[in-house]
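The values are calculated or read from the model by the stated rules, or taken from the named source; none is laboratory data. Since the structure is predicted, the reported quantities are computational estimates derived from the model, not experimental observations. Glycine gets a Cβ as well: all are built from the backbone with ideal geometry, and neighbour counts include every protein chain shown.
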Amino acid sequence: MNEPKIFFGAADAPKRIAILGVPFDSASTLGWPGARYAPARIRTALGWNLNRVQDGAFYDVDAGRVICMNDYAVVDYGDCFVHGADHLKTLENARQLMAAALQAGAFPIALGGAHEVSIPLLQAFHDCTEGPLGIIHVDAHLDLVDENPRQGRHSGSSPMRRALEMGRYSPQRLVQVGVRGFNYAHQYDYIQRMGIHHVTASRFHEIGAKEAAQLALEKAAAGGARVYLSLDIDVFDYPFAPGAGADEAGGLISAQVLQFLREVAPHIGAMDIVEVNPLIDRRDVTSSLAAQIIFTVIAARVAAGV
């Protein structure tokens, strides 16, 4: 296990935000490979935001306030070890790294990797958190595939399906935000039968970020459930995230998603960002967007004191 390193803040700060990486995409058989390089590139981009923290404070321009971080430390847990010939061992390593952050009382932000890495991250949150659980899944795609010969059971098309098998992630507390395009008829039947909720991209455009956030939290946190947020970078329309692993027209814009995250960030217990692909990115636009997402979440949580 990696020795955590302080990004910034005091070692004895009572509240911790953990950054951890899962640089793995070797199980991907669809889309563009290359997400394994994202954790390193996102960390570099994140340094641009961290540079704005001086004497424990920074100016949140959008919120119109100075945010003091004296009670917080941002801690880098490093990357999980990747077994090149055994992706299930790699996924287990990712689970252990996420569990270590949760058991230390930190709020974890995991950097993928392809979306299959969310399976062990969701498992760690399930195992380390008591009570009912919900998921806010921000993505262009449904990720509800059960199994097929090309992808197996642990692919980037299956993390939400696998999560619903873990025991305490209720399908009625799974909210899929930004989903769009076309899919198989049997996926519709499964969604209806299980009671999964959608805020499609077109619906998001109609109602706006704040109402979308309220709907997502109402469903995912029902009954006092603890909420995990998984964000696939392909939820954005292509010009905002040219380095996404797969493209779907009609996506969300960056301002919408950042506002959505400001609303939901204080109410989640862990999160991941996946499918950033530096190999096809343009001038690190997508890695920089991922870093902006991370710092937006940090700002919202610190402002709320959680």
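When you check E248 against the structure, is it in contact with a helix residue (DSSP H, G or I) (Cβ under 9 Å, 6 or more places away or on another chain) and either assigned to a helix (DSSP H, G or I) or surrounded by 21 or more Cβ atoms within 10 Å (Cβ to Cβ) (or both), yes or no? If you could, list the steps in order and put the result at the bottom.
Numbers: in contact with a helix residue (DSSP H, G or I) (Cβ under 9 Å, 6 or more places away or on another chain): yes; either assigned to a helix (DSSP H, G or I) or surrounded by 21 or more Cβ atoms within 10 Å (Cβ to Cβ) (or both): no.
Judged against the criteria, E248 is not a match.
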Would you say V82 is touching a helix residue (DSSP H, G or I) at 6+ places or on another chain (Cβ under 6 Å), β-branched (V, I, T) and in contact (Cβ under 8 Å) with a residue 40 or more places away in the chain? yes
Going through the stretch 36-85 one residue at a time, which ones are at pLDDT below 90 and in a helix (DSSP H, G or I)? G47, W48, N49, L50
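Please count how many residues of the stretch 143-179 are part of a loop (DSSP other than H, G, I, E, B), closer than 19 Å to C128 by Cβ and modelled with pLDDT of 95 or more.
Of all residues in the stretch 143-179, those part of a loop (DSSP other than H, G, I, E, B) come to 143-147, 149-151, 153-158, 164-168, 178-179.
Those still in the list that are closer than 19 Å to C128 by Cβ too: 164-168.
Filter once more, keeping what is modelled with pLDDT of 95 or more: 164-166, 168.
Residues meeting the conditions: 4.
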Inspect all residues belonging to the stretch 56-67 and state whether any of them is more than 30 Å from V199 (Cα to Cα) and in contact with a Phe, Trp or Tyr (Cβ under 7 Å, 6 or more places away or on another chain). yes
Condition broken by I119, with the remaining ones in (1) in contact (Cβ under 8 Å) with a residue 60 or more places away in the chain; (2) surrounded by 18 or more Cβ atoms within 10 Å (Cβ to Cβ); (3) of a type outside the set (F, W, Y) satisfied: (1)
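Of everything in the stretch 241-254, what is of a type in the set (A, V, I, L, M, F, W, C) and either touching a Cys at 6+ places or on another chain (Cβ under 8 Å) or in contact (Cβ under 8 Å) with a residue 40 or more places away in the chain (or both)? Give them in sequence order.
Taking the stretch 241-254 and keeping what is of a type in the set (A, V, I, L, M, F, W, C), we get 241, 244, 246, 249, 252-253.
If the condition is that a residue be of a type in the set (A, V, I, L, M, F, W, C) and either touching a Cys at 6+ places or on another chain (Cβ under 8 Å) or in contact (Cβ under 8 Å) with a residue 40 or more places away in the chain (or both), then A241, A244, A246, A249, L252 are the ones that fit.
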Note: among L91, L50, L46, just one is buried (at least 21 other Cβ atoms within 10 Å of the Cβ) and within 13 Å of T296 (Cα to Cα), namely L46
Residue match in the stretch 122-131 (condition: touching a residue at least 24 places away in the same chain (Cβ under 8 Å), more than 27 Å from A201 (Cβ to Cβ), part of a loop (DSSP other than H, G, I, E, B) and in contact with a strand residue (DSSP E or B) (Cβ under 7 Å, 6 or more places away or on another chain)): yes
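For the stretch 184-240, enumerate the residues that are touching a residue at least 60 places away in the same chain (Cβ under 8 Å) and more than 22 Å from D127 (Cα to Cα).
Filtering the stretch 184-240 down to residues touching a residue at least 60 places away in the same chain (Cβ under 8 Å) leaves 201, 216-217, 219-232, 234-235.
Selection gives A201, A216, D232, D234, V235.
Let's see how each residue does on (1) modelled with pLDDT under 95; (2) more than 27 Å from A299 (Cα to Cα):
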site	(1), (2)
D189	no, yes
Q192	no, yes
H197	no, yes
I207	no, no
K210	no, no
L231	no, no
A244	yes, no
Go through the residues of the stretch 86-100 one by one and say whether even a single one is touching a residue at least 40 places away in the same chain (Cβ under 8 Å), outside any strand (DSSP E or B) and among the acidic types (D, E). no
